[in-house]
Amino acid sequence: MIHRRQTVLWLLPLLVIPAAAQQMDTANGAHSPVRSISIFDEIKDPQERSLFRELRAIADPRQSRQRAVEFVERYPGSVVLREAYEQAARASAELGDDKAALEWGRRALRLLPENPFLLAKMADLAARHGERQFAGRSFRQTG
């Protein structure tokens, strides 16, 4: 009798765990009141959020860089400052303005030094412009 009771107690968690897992899955399902969080949710100021959303949608590198610089000047304390710096760096690189790309890239890397894609881009640009120390440091950080 004791052996049977121990077996039942041992099986109880096996019966309860699937039900608990189903509840967790349902809580995060399509009809859940819980919504996903995006980078835009981090921006509290509606005007700043709108401007950043517009900035992310620009395809033309000249306009992209100009708008990124305007964003940085207007919102120097923004929670998405690193993203604006990175956009200015990438747009500058696309325009062939490597000096500006390196400057904006350095700013972005100060805020997120482990960004592998930007590190690789900056290492390449720095190497082409004889900035061996920055190129080497960026390359080593990529992995």
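The values are calculated or read from the model by the stated rules, or taken from the named source; none is laboratory data. What you see is a predicted model, and the numbers here were worked out from it, not measured in a lab. Please note: Cβ atoms are built from the backbone with ideal geometry, for glycine as well, and neighbour counts cover all protein chains shown. Heads up: the accessible areas ignore ligands, DNA and RNA and are worked out on the full protein's heavy atoms, side chains in. Shrake-Rupley method; radii C 1.70, N 1.55, O 1.52, S 1.80 Å.
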Inter-residue pairs, beta-carbon under 7 Å, first open to solvent by less than 20 Å² (accessible area, probe 1.4 Å) and in region 78-100, second among the hydrophobic types (A, V, I, L, M, F, W, C) and outside any helix (DSSP H, G or I), 6+ apart: V80/I43
Filter result (at pLDDT 95 or above, among the acidic types (D, E) and not in a loop (DSSP other than H, G, I, E, B)) within region 50-82: E70, E73
